[in-house]
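Report on the structure given below.
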Protein chains: 2
Amino acid sequence: MKALVFDGKLRFLDDYPQPRRSRGEVLIRVALAGICKTDIEIIKGYMGFTGILGHEFVGTVVESDNPNLTGRRVVGEINCPCGNCDLCRQGLGKHCPNRTVLGIHGRDGAFAELTVLPEQNLHIVPDGVSNEEAVFVEPLAAAFQILEQVNIERDMKVAVIGDGKLGILVAQALSSAGCSPIVLGHHVSKMKLLRNLGIATCLSEACDMANFDFVVECSGSPGGLEKAVQIVKPCGTIVLKSTIAARQSLDLSALVVNEISLIGSRCGPFRRALDALKRGEVAVRPLIWKTFDLADGVRAVEEATSPKALKVLLKIE
Amino acid sequence: MKALVFDGKLRFLDDYPQPRRSRGEVLIRVALAGICKTDIEIIKGYMGFTGILGHEFVGTVVESDNPNLTGRRVVGEINCPCGNCDLCRQGLGKHCPNRTVLGIHGRDGAFAELTVLPEQNLHIVPDGVSNEEAVFVEPLAAAFQILEQVNIERDMKVAVIGDGKLGILVAQALSSAGCSPIVLGHHVSKMKLLRNLGIATCLSEACDMANFDFVVECSGSPGGLEKAVQIVKPCGTIVLKSTIAARQSLDLSALVVNEISLIGSRCGPFRRALDALKRGEVAVRPLIWKTFDLADGVRAVEEATSPKALKVLLKIE
């Protein structure tokens, strides 16, 4: 089958072996997939992964133990836990030490004609949600994860650092929960897009606001966390959303003296993201930058690394 | 008056001008004071402070607007907020940007015959609590602050990193709240002291335990936070108690992927610390290493920098 594979170098192959599903797993024909910053980090060496990249997708079930699933349009959670360890038994399967992760760790991903996931990972896409929207469920769920971890009230002062894809989704997820975040960005066009969505923006260098109750770091740049520490209120909370491979130097005494909480945040609730899309609470189509055929995947990933780019999609079916 | 002063160099002076109290402030004759790691950090350049050092003390009120206070034995909270700014109005006076801090920032400290604090900062020491115990109220309150910030339940797995003064107080504060922390240490004698207090210990290098729900970093060493990240459970919490002047490099992706919370924690509730001492729930006397006269203050601070030392006290009255 056709697949976009990383083995130290990124290549498009048209003779990659088709995956086989085990019992409890489902074979999915991928329709559309999204390129994420994590994919680009993997190509730089993050996680030491080799295999088919890709963890944001929408597709159709081809084969399953459950006949009701066959032919259904689905999206899929990316963590595949062992189900037997202490953490799995405590309901922390997402953090299972033996887990595989779609296109990230120990499991081929979705930049291919076919992919495989456990049945329990799948969510059926409602009729009112298009493929172009459903392909955003994974990153949008990650944005909603913040609301599962912290209690953000309507009248709180909230800032989002970073006007990239993740920042735009996070700002919308927070807005849908009733608060009014301001996004600190660097890119004129992305900040314009945000304002068109009704979200306030500020050029990061020009921002002289401070004492935010919550700051969500979505820039993935070394300066982002530094800025967050500067603008968060004492006893306030910084949520870290970006996975960066590099180590970062940090003034810990500022965290202690100002009693700041720093909370790491990763994958989130697919159901909540699908509901938000179904109800039209979040606009994802304006984030689509370009769509490439899978055969042009190497060029698509190059395009996705451009600082101006938003979401680059791969059309597969 | 006699005072231990830092002006780029630490000196004992016997002709330092006596402090004058303003309206609302109280003049205190210091009986006993404790040397803290923060004092040693200040001598290394932390906070850029010059003046009389010292923020852990017990003393007797000499002059006050409130006649009921005169002659009473007191301890005092160290943060002196402006009372007028946004943060003060929100009840966050401890974090007031205009605050002075006893012996740390903009206000002479307690390593002197006399010191001054606002009346509202003072707590009367109950009769059953000796001066040698009361001098520990400030750091013990900082230990209890953890329990004001996070909800630690009895059956949770809790580790304290660092067997120094702060680690020993934190372990006792957590024990008094019903949980059973284990202290990861480096010093045979300090770990023996902890075991005599009924607290479990483990040599840090030899610790192969993991998946702690809570880890409290009290070592103030660069390796301490690294160790905390290694042993905390996914979705677990690390409390940072040490104020270190230096920047520290940190693998932020571990925080994000494992969804760890990192919580800075500083000064705490004096009333709770006094109550714990009164009820005998916490033993502080075993932490007294040596007591020096104020005139020997320079030597006392040298002694306090020894890795073997526990609490070094200055006898002033």
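The values are calculated or read from the model by the stated rules, or taken from the named source; none is laboratory data. Quantities reported herein were computed from a predicted structural model and do not represent experimental measurements. Ideal geometry is used to build each Cβ from the backbone, glycine not excepted, and the neighbour counts take in all protein chains shown. All accessible areas refer to the heavy atoms of the entire protein, side chains included, with ligands and DNA or RNA removed. Shrake-Rupley method; radii C 1.70, N 1.55, O 1.52, S 1.80 Å.
Brief remarks follow.
- Residues losing 30 Å² or more accessible surface upon assembly, region B:82-106, compared with the chain by itself, 1.4 Å: B:L87, B:L92, B:H95
- Kirkwood Rh, angstrom, region B:181-235 [1 / mean 1/r, Cα pairs]: 11.7 Å
- Three-way shape call for region B:106-236 based on the alpha-carbon gyration tensor, with the a/c threshold at 1.5: prolate
- Across identical copies of the chain, B:Q90 has label-point separations of 3.2 nm, listed in ascending order, with the point defined 7 angstrom from Cα along Cα→Cβ.
- Plainly put, the tip 7 Å out from Cα toward Cβ on A:D275 is 3.9 nm from that tip on each other copy, the closest given first.
- The simple Förster model, with R0 at 60 Å and r as the Cβ-Cβ distance, assigns A:S180 and B:Q230 a FRET efficiency of 0.95.
- Beta bridge orientation in chain B: antiparallel %, DSSP, nearest 5: 50 percent
- Sparsely packed GluC sites (Glu not before Pro) within region A:120-197, loop by DSSP, other Cβ within 10 Å at most 14: A:E153
- The length gained on full extension between B:S22 and B:S189, counted as 0.36 nm times the residue separation minus their Cα-Cα distance, comes to 55.5 nm.
- Derived value for region A:1-113: Kirkwood hydrodynamic radius 14.8 Å. Basis is the mean of 1/r over every pair of different alpha-carbon atoms.
- For chain B, size of Cβ-based charge dipole, Lys and Arg +1, Asp and Glu -1, in debye: 140 debye
- Cα centroid separation - region B:149-187 against region A:26-92, whole Å: 40 Å
- Residue separation of B:R29 and B:E153 scaled by 0.36 nm, minus their Cα-Cα distance, works out to 40.5 nm of gained length.
- When only alpha carbons are used to place a centre, region B:264-285 and region A:249-294 end up 40 Å from one another.
- Directionally averaged projected area (convex hull, Cα atoms, the protein assembly as shown), nm²: 29.6 nm²
- Per-selection metrics, chain A (Cα): Rg and Dmax in Å: 19.4, 58
- Projecting 7 Å from Cα along the Cα-to-Cβ direction, the label point of B:D208 sits 5.9 nm from its equivalents in the other copies, listed shortest first.
- GNM top mover of B:V170, B:V216, B:V62 - chain B, alpha-carbon springs below 10 Å: B:V62
- Based on protein heavy atoms only, chain A ends up with 40 Å² per residue of surface accessible to a 1.4 Å probe.
- With K and R counted +1 and D and E -1, the other residues having a Cβ less than 13 Å from that of B:V135 yield a net charge of 0.
- Theoretical FRET efficiency, 1/(1+(r/R0)^6), r = Cβ-Cβ of B:E303 and B:D251, R0 30 Å, to 0.05: 0.25
- For B:L310, the residues whose modelled amide H falls within less than 5 Å of its own, excluding neighbours fewer than 5 places apart on the same chain, are B:W289.
- Annotation for the A:B interface, with buried accessible surface near 3300 Å², both sides summed [1.4 Å probe; non-protein components not counted].
- Measuring against 30 Å, Cα to Cα, the residue pairs A:K278/B:K233; A:K157/A:K311; B:K227/B:K315; B:K241/B:K308; B:K94/B:K311 contain A:K278/B:K233; B:K227/B:K315 as the ones spanning a longer distance.
- Cβ-Cβ distance of A:L13 and A:K278, R₀ of 41 Å, FRET efficiency by 1/(1 + (r/R0)^6): the value works out to about 0.70.
- Sulfur and carbon atoms: percent of accessible area, region B:1-139 [1.4 Å]: 44 percent
- Summarising the amide proton neighbourhood of A:M156: residues at separation of 5 or more, or on other chains, whose placed amide H is nearer than 5 Å comprise an empty set.
- Accessible area of region A:180-262 belonging to carbon and sulfur atoms, whole % at 1.4 Å probe: 53 percent
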